[in-house]
1. Touching a Phe, Trp or Tyr at 6+ places or on another chain (Cβ under 8 Å), in the same structural domain as Val702 (by TED's automatic domain parsing) and either assigned to a helix (DSSP H, G or I) or modelled with pLDDT of 90 or more (or both): does that describe Tyr606?
2. Say we look at the range 572-603 and pick out the residues that are surrounded by fewer than 17 Cβ atoms within 10 Å (Cβ to Cβ) and out of contact with any helix residue (DSSP H, G or I) (no Cβ under 7 Å at 6 or more places or on another chain); which of these is modelled with the highest pLDDT?
3. May I ask you to list the residues in the range 606-642 that are over 27 Å from Met556 (Cα atoms) and over 41 Å from the mean Cα position of the chain (by Cα)?
4. Collect the residues in the range 770-792 that are of a type in the set (Val, Ile, Thr) and not in a helix (DSSP H, G or I), keeping them in residue-number order.
5. Determine whether the range 1247-1262 contains at least one residue that is within 21 Å of Lys990 (Cβ to Cβ) and modelled with pLDDT of 70 or more.
6. Any residue at all in the range 274-291 that's modelled with pLDDT under 70, surrounded by 13 or more Cβ atoms within 10 Å (Cβ to Cβ) and under 30 Å from Lys354 (Cα atoms)?
7. Based on this model, can you work out whether Ser669 counts as among the polar types (S, T, N, Q) and part of a loop (DSSP other than H, G, I, E, B)?
8. Are any residues in the range 1056-1071 closer than 22 Å to Thr894 by Cβ and touching a residue at least 60 places away in the same chain (Cβ under 8 Å), and if so, which ones?
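The values are calculated or read from the model by the stated rules, or taken from the named source; none is laboratory data. Just so you know, these numbers come straight off a predicted model, no measurement behind them. Backbone-built Cβ (ideal geometry, glycine too); neighbour counts: all protein chains shown.
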Amino acid sequence: MMLDDGRGVFAISLSDLAGSGLLTASHLVLADDDAGSAPQSHSSADERLRFQLNAAKLCLVLSRATAGLICEAEREANRADNAASILGARNITVHFSGDGYSDVFSNVPAAYGLHEARIAPDPGGSTNVAEGQMQTPHQKLGMIIRSVYPGGCEEFQSVSTPRLVSQSSPEVSGVSGRRLSVSSISLDGSSSRVSKSNRSLGNDESALFEQFRETGHFTTSMARLIADLLDGRCSSIEEVLRELKDMVSTPELYLFDPGVEFCSNLCFGKRHYGQAKETRRVLEVASRTTMPQLARVDADTGSIWSGASSDSNAGKVDAIFIRGMAGSGKSSLVSYAGRFLSSLDSSWVYVSAKFKRGADNEYHESQKIACGLFDELIKKIASMDRDCENGILKDIEYSRQVASAILTTFDGVALAILCEILPGLKELIPHIDASGRTDALPADENMSSLRLIFLLSRLTVAVLSVGRNIFLVLDDIQWCDNSTLEVMSEVFISVGQQMEGGQKLIYAGVYRDDEVGLDHPVSVQIDTFNQSQSVYVADQIEITYLARDEVADMLMAEMRLPHRKICKLADVVYRRTLGHAMFVVQLLNALVSSGIISYSPLKHCYSWDADKLAKVKTFDSVASLIASNVSNLDEQSQKALRVLSCLLGQADLSLLRLLESNEKIAPVSGFDVYLKDLIDRGIIEISEEFVSFTHDLILQQVYDNIPHDERLQMHFDIGTYLGNVLKLDDHESTLESIMRDLDLESNTTSNDTDHFGADLTQQLCSIIFVAVDQVNLAGSRFVKDNSDLLMFAEWNKVAADEAAKHSCFQIAANLYKCGIDFLHVDQDAWKAGNVELYQGLHEGAAKSLFTLGKYSQSIDCANAVIRNMEFEQSVRAYPFLMRSLNSMSRFSDTIATGIAVFRTIGIDVPKAPTPETLYAKMKQTMPYGNFLLTISEDFAGAKKVAAQIQHEIYEDGMKVGDFDSATFAECLYYRFAFFAGCEKLQVLTKGCMRNCRDEFTKYNVEVLRFAVIDILLFDTLTGRNSNPLATSNRPEFKSESSLLAYWKSKKLQQSLVIIHINHFMRSFWRGEYKEAKTHYELAEELPSFRIPKVQLLHSVFYHGIVLFQLHRDGEGGEYFEKGKAVMELMRRWEPNCKHTFESKLVLLEAECKSENLLTVTEINLTHSCQDYASNCNIVASKESYELSAKIALENGLVHERGLAFELYGKFLKSIVEIDDALKYLGMACDCYTVWGAHAKVSWLVKEHNLVLNTKNRKTEDAIGTKHLRSREE
């Protein structure tokens, strides 16, 4: 052998090489190996392992050279014996390269490159081998490999005299500094005695194998390989090369000896196998950012790959969808990928959640499970800081940085709400104040989907901002309800819109493709992501069957045998299962449990009975095989599984221990006795105190095989037992007393005294839900009398109230409805003294259903309370009734119901309220706040106060994610500010456009539609082209016509009123009075026109102006009378609030007087008293115009002051007082300019040929508009 250190190549004997300690003290690296780092430990055990690994690498290099020689010889002579003859006459040299090596006897392992072995002619050797002494090439290879180990050279007498191979250095032997002498191995006929010795061992295949093992120099696997080579049991050199390569690449499986537990612990399915290409595709998505550590991923297959480094979709959330049939290995794949990513230098955090289908096919826990995914994320991060003494420093620092980022992102109110959704937040931030929600939010505020989206997305962005990537997996999303999947979609879209920096979030959705059609929510989610600009569907992976080689890989890894040993077994298993992953696992475990596959102490490996294997029954499906496996268990193990399946496949250990005290339910001796065997068989698994089935197919088979009546009885027994233990029907019992009686403290896993009570509360709540679910699954068939019906209804209410408190409204709604169903059996429930229970169930259902957007069902539940109870007791049902009616666009019913409520409680619209107190009352008075807002906003007249209040509501709502209220309030803010004239139009336009793009588009499309037409009105006055329709790509936003057509198709009358009024106002401000009148009449024809909205007051006022102006233009006397009718209406409104109505009334009076003057003048042209009468009316008209402008000035209504000046100027121009007319028209332009209505100024200039003198333009102070300032953005 040779070591090339750049100064010479030297040779010594192989025995001297072994004595030098090179194989023990160094770290050999193959040319195609991952160089990695040399082992750092120096214990004797580590040295032995290092020697075995280095020896295996040397054997692999020698075998490659031998294989090449055999192939060459067979090509030349087409005879295998010629190859053996040539081997016997050759010398072997092995090339190394040293790097940083100081002394072979040093304790520090040095890395050496092990390049190749070269077989060259031996000048002193002989090619003549005696007849009968010829050995096969495989036996020669066995001898070569044996020679690597201590005693091998002497045993086979294959050592030649040391000699110099290269004359480049005078040093020829021993170890001197960086010089190492290496030997050549002569394989001549003298080694024939090995063959004789080998034959003397007889036909027992384990004799030579045992002899090698007893020396202590070989691992079991290497001893078996050498013995098989020497005994002629290896069929091909390729199999030998593969076996050695497996030993080198995965020594912990194929080279090193396993522990004693290996002999009795064979169970398939606990690790991931196969699907290398699919796994690589998942990891390639993760490697799209700069992740050089992913350049060496596939340790299982030994392949080296480098992920694509494309940043074209940087800053987006990556979505991966993995589909396949049940049991195909989807969950195993994402779990393997997630665990691998989380092991990469702490750069990834991986968590997963799995949806489940209940026994009643209801997916009512979907929201709880989805929120649990984010809760698990927070808990995993919190756990990094839990053990400060033994924890990794960078993990501890990361955990604390995440906590700091969350505290920075959320205020106290939002954190209080988050703690209810994600209890793990209290573990991450121990001293968080979660007590502020009750005071911060009204009691009937719900956790709407938009708020959930807001909170979860901001939380995720806060976690990502600290620096690590996140891999989130939702498994079995085909069983997630539609609303929850929509929420998850919006969460990831929102995260993608907010992500900054180089962090990456990967969402993996796993589903069964045979349960998902084109209109399934999963398909909708995929389409939504494909259309999104912030989520990139990086890959869609289909999982099919395991290949034959992948089945073989599973057998090799679990049994620790080479491919040549298990290939026939792999063929049998593959043919029986066709590679279905779950089928393969179940069949193999069945073979183990039946003893067909068992451990052989004689052979020191697992073996199988080929005859029994051939007689194994062929199952037609994995389901029948699972059923067969379960049926072979003892009776008590089966009972334990049946109980677990009735608990829907997952249960806390504390719950099982609680059930053990009921002999009717629990197996003999309790559950713990049977769990270990079931785990060893791969049927169940335990993770963090939870027991669950290893696969849904096993759960399904166990549950389906329970007879129907027996199954219902078991549900009923479990539910009633737990309910009685928990004292659910005892209103006097307290949480503390229940936990003390159950001794739950002994089962808690928390050592944090700050969270002790929280952990126990959460544990108790979980058991409550289990108890109630079990009773509901059993139904009412086991109920014996009405008292039981009431009891079970009460249980449902207790559980539903708890679910609603934690914002799990889907669960709450189902539980409330189940409670109602129990009471429906008793037709006289309302009359039998159970009113309070019935009321609580229906009101809770109305609230939960409204939150879920199921408005018609919410209305039914609310009406049930209203019909059967006195008003004083039913008042809490009205908010959900009115809000549901409003959400269904039943505006007339909403108003009628609201008015009826106010009349019943003696409240009417106040005549002269104080604006501040009224709007403060509206902000605080829920559930009547929205209704008060509707009917009072115009008649109170406090537009500026209202605008400020609405903006405060917006800011408060955005903090906690209450987007329904927040976006609606902000839209009203812009309208109030517009009609009050308290904001520059440019500020309103810019702010509203920003809200449209950033918030309305995402959170409230209906508000977006209203905001778009408001911006079009603003643009009409400013002359800008903001193009608000472009803020959405929805089809109704193509044009105003399409928006109008959309509202017509939906029969949304109030929306139609708003768009017609909007067109009316645009025409009014342009001075196009005929067109304005047409739009007003279109709005007036709709029944919902009279619903009090902010537009009503102003549209009525402007309509009066239009009528007087049309009369002045000679359109007919009826317009004058209609205008007077509007003026009288305004006169009735004026006492409510002079601040708003007085200037409008005075301006209408001025218009009326001017019209009277012009009419009288035209009629009395020949009368002598004409001049006197005209002069009197002109003076009165002038005084009214000036008074209106003055009142508008005092109230800060700059736009109405400008309107008064404009109408005054037009009047003066009509009576030919041109100079004064131009003066007041110029003052109108000043007011409009300050307001920002530059287009309006241009129209006046063009219509009246005005020449505006900008140098002499009056200041804001002079025209009374100093108060008008842009709100700081």
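1. yes
2. That would be Ser598.
3. Hits for the range 606-642 are Asp634, Glu635.
4. Val783
5. No, the range 1247-1262 contains no residue that is within 21 Å of Lys990 (Cβ to Cβ) and modelled with pLDDT of 70 or more.
6. Yes.
7. When the stated conditions are applied, Ser669 passes them.
8. none
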